[in-house]
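Since every read-out is calculated from the coordinates, none of them should be taken as a lab result. Since the model is a prediction, treat every value here as computed from it, not as a measurement. Cβ: placed from backbone, ideal geometry, glycine included. Neighbour counts: every protein chain shown.
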Amino acid sequence: RDEAGVRRDFWAKLKRVARQIPFSEDIAAAYFCTLDPATPSRVKLVLMGAIAYFVLPLDAVADFLPLLGFADDAAIIATAISQVAGAITETHREKAREALRDA
């Protein structure tokens, strides 16, 4: 999928499931990190891959399954964030918290 489509679908899905998943702030912070012009291209690529996996309707474990549905998404996001953790700043996290307050 194209980047614009992933970005558009990201907020729709995150707002729909934000209260159900414990990693909503992390993925939103990762999203804001990808928008930051200061973020290196490699970091953006890693994070966009994880975000795309979260957005795609078909993944390893269907998201509609109770408890297990987002386990694979959480694992992918945690792995991606651990690879680029220093790039996600407190500013990105604050933007994530602010955006999720409106969700």
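Note on Glu25 and Ala12: their simple-model spin labels are 2.8 nm apart, each label 7 Å out from Cα toward Cβ.
Want the number for Ala71 to Thr89: 0.36 nm per residue separation, take away the alpha-carbon distance, what's left? Provide the component values of the computation, followed by the final result.
Values: separation 18, 0.36 × 18 = 6.48 nm, distance 2.46 nm.
Gain on extension, Ala71 to Thr89, equals 4.0 nm.
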